[in-house]
1. Against the conditions (1) of a type in the set (D, E, K, R); (2) open to solvent by less than 70 Å² (accessible area, probe 1.4 Å); (3) at pLDDT 85 or above, where does Arg43 fall short? Just the number, please.
2. Scan the range 46-64 for residues that are assigned to a loop (DSSP other than H, G, I, E, B), open to solvent by 30 Å² or more (accessible area, probe 1.4 Å) and at pLDDT 85 or above and jot them down.
3. One residue is enough: does the range 88-105 have a residue meeting the conditions modelled with pLDDT under 75 and of a type in the set (Asp, Glu)?
4. Would you mind finding the one in Ser114, Ser75 that is of a type in the set (Ser, Thr, Tyr), surrounded by 12 or more Cβ atoms within 10 Å (Cβ to Cβ) and either in a loop (DSSP other than H, G, I, E, B) or modelled with pLDDT of 80 or more (or both)?
5. Would you pick out the residues in the range 79-98 that are in contact with a Leu (Cβ under 7 Å, 6 or more places away or on another chain) and over 9 Å from Val37 (Cβ atoms)?
6. So, Val1, is that one open to solvent by 70 Å² or more (accessible area, probe 1.4 Å), of a type in the set (Val, Ile, Thr), in a loop (DSSP other than H, G, I, E, B) and modelled with pLDDT under 80 or not?
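The values are calculated or read from the model by the stated rules, or taken from the named source; none is laboratory data. The structure displayed is predicted, hence computed values, not measured ones. Note that we place each Cβ from the backbone using ideal geometry, even for glycine, and neighbour counts take in every protein chain shown. Ligands, DNA and RNA are excluded from the accessible area calculation, which covers all protein heavy atoms including side chains. Shrake-Rupley method; radii C 1.70, N 1.55, O 1.52, S 1.80 Å.
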Amino acid sequence: VNAGRTLFGRLPPRHQSGDLNYFGATPGPVEDLLIAVQTEMMRMGSPMVVRHNEVAPGQHEMSPIFCVANASCDSNVLFMEVCAKESQKRGLAVLFHEKPFAGINGNGKHANWSVGTDTGLNFFYPKTYGDERDTIYTT
């Protein structure tokens with residue numbers, strides 16, 4: 001059954017294989033793909049800041065440079081489209097689905113958030129001292 005995602009499997013050797021994957025060399029065809037995606041994203045005005053392996057086997061990460069939410073959402077969608085096109089050219093497939101293996105890090109496509117003010121106050125990291133310590137921020 002081809003559902004476009006991994007539905008079952010077994011644990012890799014050494015369980016998560018963190019040292020073998022995260023710190024290992026990126027496989028040649030994958031590195032070529034990541035470089036092509038990074039180059040195309042830069043050409044389109046959306047530079048990528050991160051390109052590396054993830055802990056889970058066969059999982060890799062790229063991240064656009066942090067920016068305001070609406071531009072970041074656009075970059076995210078553009079990134080997924082560019083990945084799909086560039087991988088197809090190389091006979092590869094990019095999946096942004098979850099990878100439901102018990103005991104293995106990594107959960108496919110995810111987003112990291114930072115919410116704050118234009119003066120630099122991060123709502124997710126409030127002050128740990130003084131009166132602001134007990135402040136609750138809402139949007």
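1. Against the list (1) of a type in the set (D, E, K, R); (2) open to solvent by less than 70 Å² (accessible area, probe 1.4 Å); (3) at pLDDT 85 or above, Arg43 comes up short only on (2).
2. Listed by number, the list holds a single entry, Pro47.
3. Taking every residue of the range 88-105 in turn, at least one turns out to be modelled with pLDDT under 75 and of a type in the set (Asp, Glu).
4. Details: Ser114 fails: surrounded by 12 or more Cβ atoms within 10 Å (Cβ to Cβ).
Criteria check complete, one pass: Ser75.
5. Filtering the range 79-98 for residues in contact with a Leu (Cβ under 7 Å, 6 or more places away or on another chain) gives 86-87, 90, 92.
Answer for the range 79-98, where residues must be in contact with a Leu (Cβ under 7 Å, 6 or more places away or on another chain) and over 9 Å from Val37 (Cβ atoms): Arg90, Leu92.
6. Details: open to solvent by 70 Å² or more (accessible area, probe 1.4 Å): yes; of a type in the set (Val, Ile, Thr): yes; in a loop (DSSP other than H, G, I, E, B): yes; modelled with pLDDT under 80: yes.
Against the criterion (open to solvent by 70 Å² or more (accessible area, probe 1.4 Å), of a type in the set (Val, Ile, Thr), in a loop (DSSP other than H, G, I, E, B) and modelled with pLDDT under 80), Val1 qualifies.
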